[in-house]
1. Do the conditions hold for ARG279, that is, is it touching a helix residue (DSSP H, G or I) at 6+ places or on another chain (Cβ under 9 Å) and open to solvent by 60 Å² or more (accessible area, probe 1.4 Å)?
2. Residue by residue through the range 227-284, note down the ones that are assigned to a loop (DSSP other than H, G, I, E, B) and under 16 Å from ALA306 (Cα atoms).
3. GLU335 passes all but one of (1) closer than 18 Å to VAL212 by Cβ; (2) open to solvent by 80 Å² or more (accessible area, probe 1.4 Å); (3) in contact with an Asp or Glu (Cβ under 7 Å, 6 or more places away or on another chain); which number fails?
4. Closer than 19 Å to GLU335 by Cα and more than 55 Å from the chain's Cα centre (by Cα): does that describe ILE266?
5. I'm trying to understand the selection: among the residues of the range 15-61, which are open to solvent by 90 Å² or more (accessible area, probe 1.4 Å) and modelled with pLDDT under 70?
6. For ALA327, are the conditions met, namely being open to solvent by less than 60 Å² (accessible area, probe 1.4 Å), touching an Asp or Glu at 6+ places or on another chain (Cβ under 6 Å) and outside any helix (DSSP H, G or I)?
7. Within the group THR270, THR339, which residue is of a type in the set (S, T, N, Q), closer than 15 Å to PHE219 by Cα and touching a residue at least 60 places away in the same chain (Cβ under 8 Å)?
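The values are calculated or read from the model by the stated rules, or taken from the named source; none is laboratory data. Here the structure is a predicted model, which is why all the values come from computation and not from measurement. Neighbour counts run over all protein chains shown; Cβ positions are idealised from the backbone, glycine included. For accessibility, only protein heavy atoms count, side chains too; no ligands or nucleic acids. Shrake-Rupley method; radii C 1.70, N 1.55, O 1.52, S 1.80 Å.
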Amino acid sequence: MPGARSRRRQEANYWPGFVDALSSLLLVIIFMLSLFMLTQFFLGQEIQGRDTALARLNSQIAELTELLQLERAGSDDLTAQLATLTATLAGAEAENQSLQGQLAGIGSGLGDRDDAIAGLQSDLLAAERLSEEANAQVALLNQQLAALRMQIGALEAALEASELRDTESRTQIADLGRRLNLALAQRVQDLSRYRSDFFGRLRQILENRADVRVVGDRFVFQSEVLFAPGQADIAATGLPELDALADAILQLEQEIPPDINWVLRIDGHTDIRPISNARFPSNWELSAARAISVAQYLVSRGVPPARLVAAGFGEFAPLDPAENDEAYRRNRRIEFKLTEG
């Protein structure tokens, strides 16, 4: 009998050790879960501080967050199962005295619990593997983030260099524009001076002709000086004036520098009274034909064709809008204007 009691006490002493082992295992699991949750907390704080320019990576981080939430849910299930086992063990300790006769059943029950614990440990290892994979993905995201920042830095440097070149180009363009405006102003001034000399010579040559005058920047010949009414052929009486004009143009060509592009524009004008015949259906054709006839005659006298422009205005640019013989006579004219080519 004393030997039986001693064996019972020895067998009953397994329970405290078993409870300590479960408690230690529970503490380790809780510690690992706490460490895991703290790691996830700091990882979430780090990810939240990333630049907003990396929004296109948010979808990947969201997927990782969902995986972590699944892991947390699995860990919560493990915690609940451990709490249930703890409650079961506490109940078993309270009934220890009354169940000593059923050690075999209890032994089999302990075997089932060992299997459950082994299963929980396997689940915990699987959760840890998932956590390691998540950490690896976060590390990969950090590498991609660093590479993206390097690319952004390179693009910013290239943009600054481009803006600097653009500023220099604008400065050069502004300087060229200023120089061009000065050159054009100089050319206009030079051409105005030669125009003044040209008109001065024509005034001296034609000073005795009342039907040849200066109007603004134009030298005006009345049509009667050069043409018969309704005709575009130059009359013999007008040839001396055109000869003098040709001589003045040729002399002017020798004096104007070759880098100044100039032309003598010949404008034909008529009065408002209509004309219609087989040769000239309208005043427009008549005015253009007269301007062309003058240009052709000047070319025959040696004036370069590239320096002459013939234009017909018909009755659409009158000097005098009145409708009387004097206004009609003034409006029938040939104008010469020295201008830029």
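1. yes
2. At the first step, the residues of the range 227-284 found to be assigned to a loop (DSSP other than H, G, I, E, B) are 228-233, 235, 256-261, 270-282.
Of everything in the range 227-284, those that are assigned to a loop (DSSP other than H, G, I, E, B) and under 16 Å from ALA306 (Cα atoms) turn out to be ILE256, PRO257, PRO258, ASP259, ILE260, ASN261.
3. Unmet for GLU335, out of (1) closer than 18 Å to VAL212 by Cβ; (2) open to solvent by 80 Å² or more (accessible area, probe 1.4 Å); (3) in contact with an Asp or Glu (Cβ under 7 Å, 6 or more places away or on another chain): (2).
4. Numbers: closer than 19 Å to GLU335 by Cα: yes; more than 55 Å from the chain's Cα centre (by Cα): no.
No: the conditions fail for ILE266.
5. THR52, the sole residue that qualifies.
6. Details: open to solvent by less than 60 Å² (accessible area, probe 1.4 Å): yes; touching an Asp or Glu at 6+ places or on another chain (Cβ under 6 Å): yes; outside any helix (DSSP H, G or I): no.
Taking the combined requirement at face value, the residue does not satisfy it.
7. After ruling out the rest, the residue left standing is THR339.
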